[in-house]
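See structure below.
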Amino acid sequence: MNTVTEQKPLSVFETFKQGISLLFALQNQSGRKRLMDLAESNPMPIIFAGVSAMGIFFMVCFLTSQLALKLLG
């Protein structure tokens, strides 16, 4: 018996949370599977998660470098 479960699309907050989870490698298997299943029909959540993770990474790098320069100077 093959049952198809209807999955609702990810909200902006859930997609942002997925990006943070991917950035810190905290993604659990069920969350990753849900994201990949939804990405088959709509890749925008994956793109948004990647861009948000990239933005967070660059922001942390910029802020820590500015803090280091301020403390050393």
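Express in Å², to the nearest 10, the accessible area of VAL12 obtained by rolling a 1.4 Å probe over the protein heavy atoms while all chains stay in place.
Ignoring ligands and nucleic acids, VAL12 comes out at about 110 Å².
What is the local net charge at ILE46, summed over the other residues whose Cβ is closer than 14 Å to its Cβ (Lys, Arg +1; Asp, Glu -1)?
Summing Lys and Arg as +1 and Asp and Glu as -1 gives +1.
The values are calculated or read from the model by the stated rules, or taken from the named source; none is laboratory data. Quick caveat: nothing in here was measured; it's all calculated off a predicted structure. Neighbour counts are summed over all protein chains in view; Cβ atoms, including those assigned to glycine, are modelled from backbone coordinates with ideal geometry. When the accessible area is computed, the model is the full protein with side chains, heavy atoms only, and any ligands, DNA or RNA have been set aside. Shrake-Rupley method; radii C 1.70, N 1.55, O 1.52, S 1.80 Å.
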